[in-house]
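Enquirer: Take this structure, written in structure tokens, and hold onto it; I'll ask about it next.
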Amino acid sequence: MLCAASRMPAQVSAADGGELASVSYAVPELLAGLWEGNDRLLYLPAGEKQPLSIVLKTFYGWYYDRAAEPSSSSQTAPRTINNTTKPSPESLTAQYRSLSVLYLPLFEGRTSGAWEMIIRYGKNQTAVVPVAVIGDKLYLDFAMRTRPDTQKTDGFWQRNAAASGITVDCPRLAENIWCFYTSGSSVYYVRYWKTDMEYEETDAVVQDGDVSLTVPKHVISAQNVYTCTLGRRTTVRSSDVQKRNKQDSDFTYDDTGLLCAAGPALMSRPQGADAASVDTLLKIVKTANSKKAPGPQPLFPPADVDWHYDIIRQIEAGNPIIQAVRERQREFARRLKAQLAEQELQ
């Protein structure tokens, strides 16, 4: 699947017409280091232009595959080549754009932040993956309150296009974004879909009986334009709006009240590990791959069966074919016993 980071339209600017946040190879402090998820580990080195590392937990977590890593990791810990791990890992580099600068109001949370990871796959492929950090957890499905209301969490929250993951190959981005407007005890979800229209700083209206809410007609996510209305219309269709109770929403808010995540986290910091060192990642891989998976369960449960071997021997006594088989079995047992004894002497 070929994916390329589309160009930011010329009409798109920061929320108040300012310049876009610059792109940097330097990993943000809150993002740098080791992250662990259910199916992989991710390491983002603090240095600039350093390839990131992705370790896949294959075979139900019984084997850790070093799928992507810099060449220096292979020198530190030689790669184990087998049917899963290739001789040469994938080389992935990333740039970062701060979303807290791109969308006003600015926030500089000490334990939270949001960025766009522009990941380069090989020479010709790039993908934009929006990510957020709240505490010690990393999220792909998150929103930023770009239009605050009087209450701490009320106002318009712009959701970002959730990627299918931080993957070894190009991830998929969501075609639809469900941004939402929180007002009191209610949450209004508004569907935005990808469009090739030029970005306009125009408002649209969500009507719910006597309640009228104003939301942006266009939003930008992963360097794509999304719209909530058809053509030049400025009223959102009722079929593109869902109203829910705020208590039924699974949101995790940061300390600033300007960033929240929906659903479970993609990854978290490993407990009791030095998350800043790539040696910690290699040690985790070595420890995991030294474990052996238990043998398969027997097809039939063990049972206390009386085989009546005396009767079996009487039946086999007069059968030359069975006697020949038994002799081969005894010969095999003698050879195996001799080989084991020889190995013990060595």
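Enquirer: Calculated FRET efficiency, residue 255 and residue 32, Cβ-Cβ r, R0 25 Å, to nearest 0.05? Show your work: numbers first, answer last.
Expert: On the way: r = 20 Å, r/R0 = 0.80.
Taking R0 as 25 Å, the efficiency between residue 255 and residue 32 is 0.80.
Enquirer: So if each residue of separation counts as 0.36 nm, and I subtract the Cα-Cα distance between residue 322 and residue 233, what length gain in nm does that give?
Expert: 23.2 nm
Enquirer: Mind checking which aspartates and glutamates have their C-alpha under 12 Å from residue 286, skipping anything on the same chain fewer than 8 residues away?
Expert: Once the sequence-local aspartates and glutamates are set aside, what remains near residue 286 is 65.
Enquirer: Dipole of segment 214-339, Cα-centred, from +1 at each Lys and Arg C-beta and -1 at each Asp and Glu C-beta, to the nearest 20 debye? Write out the running numbers ahead of the final one.
Expert: Details: 19 positive and 13 negative charges, 108 e Å.
That gives segment 214-339 a dipole magnitude of about 520 debye.
Enquirer: Please calculate how many Å² of accessible area the chain carries per residue, with a 1.4 Å probe and no DNA, RNA or ligand atoms counted.
Expert: Working: 20060 Å² over 346 residues.
On a per-residue basis, the chain sits at 58 Å².
Enquirer: Assign one of three labels to the chain, namely rounded, prolate or oblate, based on the Cα gyration tensor with a ≥ b ≥ c the square roots of its eigenvalues; rounded applies when a/c is under 1.5, prolate when it is not and a/b is larger than b/c, and oblate otherwise.
Expert: On the way: a/c = 3.12, a/b = 2.18, b/c = 1.43.
It is prolate, given that a/c is not under 1.5 and a/b is the larger ratio.
Enquirer: A follow-up question, please. Using DSSP, restrict attention to beta bridges with both residues in segment 193-346 and report what percent are antiparallel, rounded to the nearest 5.
Expert: Working: 16 of 17 bridges.
In segment 193-346, DSSP labels about 95 percent of beta bridges as antiparallel.
Enquirer: Could you give each residue of segment 201-210 its phi-based ³J(HN,Hα) in whole Hz, using Karplus coefficients 6.51, -1.76, 1.60 with θ = phi - 60°, and x for Gly or Pro?
Expert: Per-residue couplings from phi come out as 8, 10, 9, 10, 10, 9, 10, 9, x, 7 Hz.
Enquirer: Moving on. Per residue of segment 114-120, in order, report the coupling 6.51 cos²θ - 1.76 cosθ + 1.60 (Karplus, θ = phi - 60°) as ³J(HN,Hα) in whole Hz, putting x for Gly and Pro.
Expert: Per-residue couplings from phi come out as 9, 9, 9, 8, 9, 8, 9 Hz.
Enquirer: Under the definition of Cα pairs under 8 Å and six or more residues apart, what whole-number percent is the relative contact order of segment 170-282? All intermediate terms of the calculation are to be shown ahead of the outcome.
Expert: Working: 154 pairs, mean separation 23.7, N = 113.
Answer for segment 170-282 is 21 percent.
Enquirer: Let me ask another. Residue 125's amide H: which non-local residues (gap 5+, or another chain) put their own amide H closer than 5 Å, with H modeled 1.01 Å from N in plane and none for Pro or chain starts?
Expert: Here nothing satisfies the definition.
Enquirer: How big is the charge dipole of the chain about its Cα centre, in debye rounded to the nearest 20, if each Lys and Arg gets +1 on its Cβ and each Asp and Glu gets -1 on its Cβ?
Expert: On the way: 38 positive and 39 negative charges, 183 e Å.
Computed about the Cα centre, the dipole is about 880 debye.
Enquirer: As I understand it, the value is the acute angle between the Cα axis of helix 278-289 and the longest principal axis of the Cα atoms of the chain; what does it come to in degrees, rounded to 10?
Expert: Between the helix axis and the principal axis of the chain, the angle is about 40 degrees.
Enquirer: Residues with amide H under 5 Å of residue 204's amide H, sequence separation 5 or more or different chain, H placed in the peptide plane at 1.01 Å from N; which?
Expert: Here the answer is 215, 217, since their amide H atoms fall under 5 Å of that of residue 204.
Enquirer: Another question, then. I need the phi-derived Karplus couplings for segment 27-40: 6.51 cos²θ - 1.76 cosθ + 1.60, θ = phi - 60°, integer Hz, Gly and Pro marked x.
Expert: Once rounded to whole Hz, the list reads 6, x, 4, 6, 8, 5, x, 9, 10, 10, x, 5, 10, 6.
Enquirer: I'd like to know which of 296, 251, 277 lies farthest towards the positive end of the charge dipole of segment 249-307, counting +1 on Cβ of Lys and Arg and -1 on Cβ of Asp and Glu.
Expert: Result: 277.
Enquirer: A follow-up question, please. First measure r as the distance between the Cβ atoms of residue 79 and residue 212, then evaluate 1/(1 + (r/R0)^6) with R0 = 56 Å and state the FRET efficiency to the nearest 0.05.
Expert: Details: r = 61 Å, r/R0 = 1.08.
After rounding, the FRET efficiency stands at 0.40.
Enquirer: I've got another one for you. Amide H to amide H under 5 Å from residue 165: which residues, 5+ apart in sequence or cross-chain, H placed 1.01 Å off N in plane?
Expert: 172
Enquirer: Continuing with this model, one more query. Send over the Kirkwood Rh of segment 112-190, from the inverse of the averaged 1/r over different Cα pairs, rounded to one decimal Å. Show your work: numbers first, answer last.
Expert: Details: mean 1/r = 0.0716 Å⁻¹.
Result for segment 112-190, one decimal place: 14.0 Å.
Enquirer: Further question: Under a plain spin-label model, where a point goes 7 Å from the Cα along Cα-to-Cβ, how far apart in nm are residue 39 and residue 334?
Expert: Between residue 39 and residue 334, the label points sit 5.6 nm apart.
Enquirer: Work from the charge dipole of the chain (Cβ charges, +1 for Lys and Arg, -1 for Asp and Glu, about the Cα centre) and give the residue of 59, 341, 227 farthest towards its positive end.
Expert: 341
Enquirer: Once neighbouring chains are kept in place and the probe is 1.4 Å, which whole percent of the accessible area of segment 234-293 is contributed by carbon and sulfur?
Expert: Details: 1720 of 3660 Å².
Whole-percent figure for carbon plus sulfur exposure: 47.
Enquirer: When the dipole is taken about the Cα centre of segment 205-253, and only Lys, Arg (+1) and Asp, Glu (-1) are charged at their Cβ, what size is it in debye, to the nearest 20? Mind showing how you got there, number by number?
Expert: Working: 7 positive and 5 negative charges, 48 e Å.
Roughly 220 debye, rounded to the nearest 20.
Enquirer: Positive end of the dipole of the chain, charges at C-beta (+1 Lys, Arg; -1 Asp, Glu), about the Cα centre: which of 168, 181, 218 has its Cα farthest in that direction?
Expert: With unit charges placed on the Cβ atoms, the residue in question is 168.
Enquirer: Would you mind calculating the gained length between residue 287 and residue 315 on full extension (0.36 nm times residue separation, minus the Cα-Cα distance), in nm to one decimal?
Expert: Values: separation 28, 0.36 × 28 = 10.08 nm, distance 5.33 nm.
Stretched out fully, the residue 287 to residue 315 stretch lengthens by 4.8 nm.
Enquirer: I need the calculated FRET efficiency for the pair residue 276 and residue 305, taking r as the beta carbon distance and R₀ as 51 Å, to the nearest 0.05.
Expert: Numbers: r = 59 Å, r/R0 = 1.16.
Result of the calculation: an efficiency of 0.30.
Enquirer: Label segment 163-251 by shape, choosing from rounded, prolate and oblate, from the square roots a ≥ b ≥ c of the eigenvalues of the Cα gyration tensor; if a/c is under 1.5 it is rounded, and otherwise prolate applies when a/b is larger than b/c, oblate when it is not. Working shown, then result.
Expert: Numbers: a/c = 2.66, a/b = 1.28, b/c = 2.08.
Here segment 163-251 falls in the oblate category.
The values are calculated or read from the model by the stated rules, or taken from the named source; none is laboratory data. Just so it is clear, the model here is predicted, and its values are computed rather than measured. Cβ: placed from backbone, ideal geometry, glycine included. Neighbour counts: every protein chain shown. Each accessible area value is taken on the protein alone, full model and side chains, heavy atoms only, with ligands, DNA and RNA left out. Shrake-Rupley method; radii C 1.70, N 1.55, O 1.52, S 1.80 Å.
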